[in-house]
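Here the structure is laid out as structure tokens; the discussion comes afterwards.
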Amino acid sequence: MHTTHYSVLDAKGNAVSVTYSINYLFGVGMMAGNTGFFLNNTMDDFTSKPGVPNSFGLVQGHVNEIQPGKIPLSSMVPSIVLKHGKVFMVTGSPGGSTIISSTLESILNVVDFGMNMQQAVDAPRMHMQWYPDAIFVEPGYLTPTTQAALEKMGYSFK
């Protein structure tokens, strides 16, 4: 909901990929002193009630329950892709449970489909997770023929 991502690559090949999240609007509604940074409320990333959707609709089980010293489930995947030992691509994404598929699609668009970075992030995307049991697609991602074939197999789309 309120996540940002930035990727930086300088002329010397130094790279950084950062995904920062406060979770809900303005996090917990408090700043860290006078820094201007809101404190996050990513405790929602833990399961408080197994089998019940969290605020973002993600259903989790007992494996991700709150426990001392435990790190919550996260879909953040700030990524640096190397080619022949040198930085080739720096990417990541905001978007909660769609972060992993969005980041993967940007990498595939560049590496496998020869797009430049702008084309890769502008391209239509799709996302599927176990719950809800539907495929989310942006217009232009699938041809009508492909979508009809998948629907015939029992897939639903949003």
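A few notes on this one:
- Residue in segment 100-122 that is within 30 Å of Lys49 (Cα to Cα) and among the small types (Gly, Ala, Ser) present: yes
- Selection over segment 86-126 of residues that are among the hydroxyl-bearing types (Ser, Thr, Tyr) and closer than 26 Å to Lys12 by Cβ gives a count of 4.
- Counted residues, segment 40-55 - those being closer than 21 Å to Thr3 by Cα and loosely packed, with under 14 Cβ neighbours inside 10 Å: 3
- Those residues of segment 2-47 which are in contact (Cβ under 8 Å) with a residue 24 or more places away in the chain, in contact with a helix residue (DSSP H, G or I) (Cβ under 9 Å, 6 or more places away or on another chain) and on the phi > 0 side of the Ramachandran plot, in sequence order: Gly27
- Selection within segment 80-94: residues that are in contact (Cβ under 8 Å) with a residue 24 or more places away in the chain and surrounded by fewer than 18 Cβ atoms within 10 Å (Cβ to Cβ). The member of this set that is nearest to Met126 (Cα to Cα) is Pro94.
- Residues located in segment 102-116, provided they are surrounded by fewer than 19 Cβ atoms within 10 Å (Cβ to Cβ) and within 17 Å of the chain's Cα centre (by Cα): Leu104, Ile107, Leu108
- Inter-residue pairs, beta-carbon under 6 Å, first free of Cβ contacts under 8 Å to residues at least 60 places away in the same chain and in segment 67-79, second assigned to a loop (DSSP other than H, G, I, E, B) and not hydroxyl-bearing (Ser, Thr, Tyr), 6+ apart: Pro72/Phe46
- Enumeration of residues in segment 102-131 that are modelled with pLDDT of 95 or more and among the hydroxyl-bearing types (Ser, Thr, Tyr): Ser102, Thr103, Ser106
The values are calculated or read from the model by the stated rules, or taken from the named source; none is laboratory data. What you are looking at is a predicted structure, and each value in this text was computed from that prediction instead of being measured. A quick note on method: Cβ atoms are made from the backbone with ideal geometry, for glycine too, and the neighbour counts reach across all protein chains shown.
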